[in-house]
Structure formats: C-alpha cells, structure tokens
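Here is the structure we will look at, set down as structure tokens.
None of the figures in this text is laboratory data; all of them are computed from the coordinates on show. Fair warning: this is a prediction, and the values are worked out from it, not measured in the lab. Here the Cβ is made from the backbone with ideal geometry for all residues, glycine too, and neighbour counts use every protein chain on show.
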Amino acid sequence: MVEFVHQGGGLYRRGVGGDTSNAAIAAARQGARVGFLTALGADRFGDSIMDLWRAEGVDAAHVRRNADAPTGIYFIDPDPEGRFFTYYRAGSAASLMRPDDLPADAIRATRCLHLSGITLAVSPDLRDTALAAIDLAAQAGVSVSLDTNLRLKLWDAETARRVIDGTLERVRIVVTSIEDSLHLTGLGEPEAIGEFYRRRGPEIV
C-alpha cells in the first residue's frame, strides 16, 4: 500500500508500506530471492510500488494490475497514544483478488510462502485467495509462514481465531506477538504461546 505520513500542518510524506511488502524487501536485502504476489491498481500509486520493489530486487512479475480498481492507501497521523492509522483499501485491487488469479505454478515452485493475517482479513475474496494459496503451497510441500498481525478494525477476534486456527495444520512458521496472542489464544506467556501453536502444526513460533 501507499502510505502518507503526516509531517505537520497540511503536509504528508508519501511512501510505501504494508507488513508483507516490508518483509519482502527485508528478505531481498539479505540476499534472498523474493517475489511478491498481489494486485495493484493501474495507477501512479501502483507504479510507485512496482518501482520500489524492482529497485529493492523484489520480483514483481506475478503482480496483477487492475484498471478498474485503485491501489490501496493509508494515512498516519499523530495521536495522543502514538499514531493513528486511516486505511482506504475497501474495493482496492488487492481486495478484489480471487483464487483464479493465483499463479499456481509459481507458488508450487517457491520454497516459502509468507502471508499476513491482514491479507486474511481485508475482504472475503482476498481471504479465499490467501487460503487457496496456502493450500497450493502445502500440497506442493512448500513451507508456509503466517504473521498473525491482528487488526481488530478489519475483523472480530472470534472470526480471526476461527480462520487462523483453520490454517495451522498447513503452516510451518508462525510470527506473532503477545498482544495478538492474548486475543487469539488467551495466552500471554511466550512459552505457552509457542506450545499452543506447536501443538496445532507449526514447527517454528
């Protein structure tokens, strides 16, 4: 997504954000071969994201461009508790992705598929697409990594628990936090959280 960070007055600095994009760029900087799978609008915001990924060595060959839907954006403003986020991703190109949009051969050929809980939460279509990607990867013996990254503005904790728990048998790596785990597992101790997830399939927490 394209982010706009408040700089004071009426000024915002434009950049690129998103948890999975940040993870992809970080991995590429460490020398990993990384590709990104999503959909962007056929707009200048989408162009700027593509330009960044190419500059960072992230393969964007399987990114779809949608001329009928925009690239998602969000704003970051100061808040008494830190920062306040305002998202505009409903109806975005990514939110409209469907399982038929997936490059199945590319998913089967990768070594690790990394996804975010945000991807599972944004829209029903995108959730179905993400779950289909997990199925393709697991059936091909590809390691699946899931960052729970719980956002309760996108979905309620009960739905998040049900959907995320339903993926765990096919997930090898879980990235989570104590705050997320309090909502998703009811647990707040790292050892107990690790044990909770390992009992359900993941090997690395």
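General observations
- Residue order, fewest to most surrounding Cβ atoms within 10 angstrom, among Val163, Val142: Val163, Val142
- Given +1 at the Cβ of Lys and Arg, -1 at the Cβ of Asp and Glu and no other charges, the dipole of the stretch 2-198 around its Cα centre is 500 debye to the nearest 20.
- Rounded to the nearest 20 debye, dipole of the stretch 121-189 from Cβ charges on Lys, Arg, Asp, Glu: 100 debye
- Ranked packing of 51-57, 93-99, 175-181, most packed first, by mean Cβ within 10 Å: 93-99, 175-181, 51-57
- Protection-proxy order for peptides 117-123, 127-133, 15-21, each taking the mean of Cβ atoms within 10 Å per residue, highest first: 117-123, 127-133, 15-21
- Built amide H within the under 5 Å cut-off of Asp147, gap 5+: Leu115, Ser116, Gly117, Val175
- Inter-centroid distance (Cα atoms) of the stretch 149-167 relative to the stretch 5-84, Å: 23 Å
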